[in-house]
Ligand SMILES: CC(C)(COP(=O)(O)OP(=O)(O)OC[C@H]1O[C@@H](n2cnc3c(N)ncnc32)[C@H](O)[C@@H]1OP(=O)(O)O)[C@@H](O)C(=O)NCCC(=O)NCCS
């Protein structure tokens, strides 16, 4: 089997990323707009995983982490999160947030902790994922960068 390669997303990856997200019931709002800050994992010509950042000043939103069922449980999600954390640090972000209804138990291993939704900084309210794409019941998590 050919290796799984992580790389920055390109405009032509949008449809494949959207298909992965749709299959897992994750929101598509804002994905096209922020695709340049997404990473994908590719085997051959198949996109098997994705995850991205939305950047608002020194705050960011980690979003759309998704792994195709055939690639789950092999550390692909973890590698994507690590690479997104590295990218966030390299881009000078101070703090990352995420919203999840499905994986609140997955992210603590990467240093994310739960916070109250009121702890989200005002600049993140520009995010389409935050503005209604994710239910108000979603768990909000935070991780500081570079400490
Ligand atoms: C969550 C997800 C990205 C993890 O990716 P992955 O490549 O399968 O995960 P990894 O191989 O890095 O890690 C596997 C570990 O995570 C755990 N895990 C996987 N999904 C989990 C979830 N939803 N909640 C809690 N733990 C989870 C596994 O039980 C496994 O635990 P172990 O290390 O103790 O054996 C993937 O399962 C997925 O696409 N889920 C559906 C979409 C989703 O919920 N995304 C998050 C949106 S914010």
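Every read-out reported here was derived from the displayed coordinates using simple, explicitly stated rules and does not represent laboratory data. Source: prediction; values computed, not measured. Using ideal geometry, Cβ is built from the backbone for each residue, glycine included, and neighbour counts are taken over all protein chains shown.
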Looking at (1) within 15 Å of the ligand (Cβ to nearest atom); (2) closer than 25 Å to residue 145 by Cβ, which one does residue 36 not meet, given that it meets all the others?
(1)
Looking only at region 78-108, filter to residues that are more than 16 Å from the ligand (Cβ to nearest atom), part of a loop (DSSP other than H, G, I, E, B) and surrounded by 14 or more Cβ atoms within 10 Å (Cβ to Cβ); which one of those is farthest from the chain's Cα centre (by Cα)?
94
Count of region 113-147 residues which are without any contact (Cβ under 8 Å) to a residue 40 or more places away in the chain, within 14 Å of the ligand (Cβ to nearest atom) and either surrounded by 12 or more Cβ atoms within 10 Å (Cβ to Cβ) or closer than 23 Å to residue 80 by Cβ (or both)
2
Top-ranked residue of region 9-31 - restricted to ones that are more than 14 Å from the ligand (Cβ to nearest atom) and either surrounded by fewer than 14 Cβ atoms within 10 Å (Cβ to Cβ) or free of Cβ contacts under 8 Å to residues at least 12 places away in the same chain (or both), ranked as nearest to residue 72 (Cα to Cα):
15
Which pairs turn up if I take residues in region 68-89 that are under 16 Å from residue 54 (Cβ atoms) and in contact (Cβ under 8 Å) with a residue 12 or more places away in the chain and look for partners that are more than 6 Å from the ligand (Cβ to nearest atom) and in a helix (DSSP H, G or I) with beta carbon separation below 8 Å, at least 6 apart in sequence or on another chain?
81/107; 81/110; 85/110; 87/37
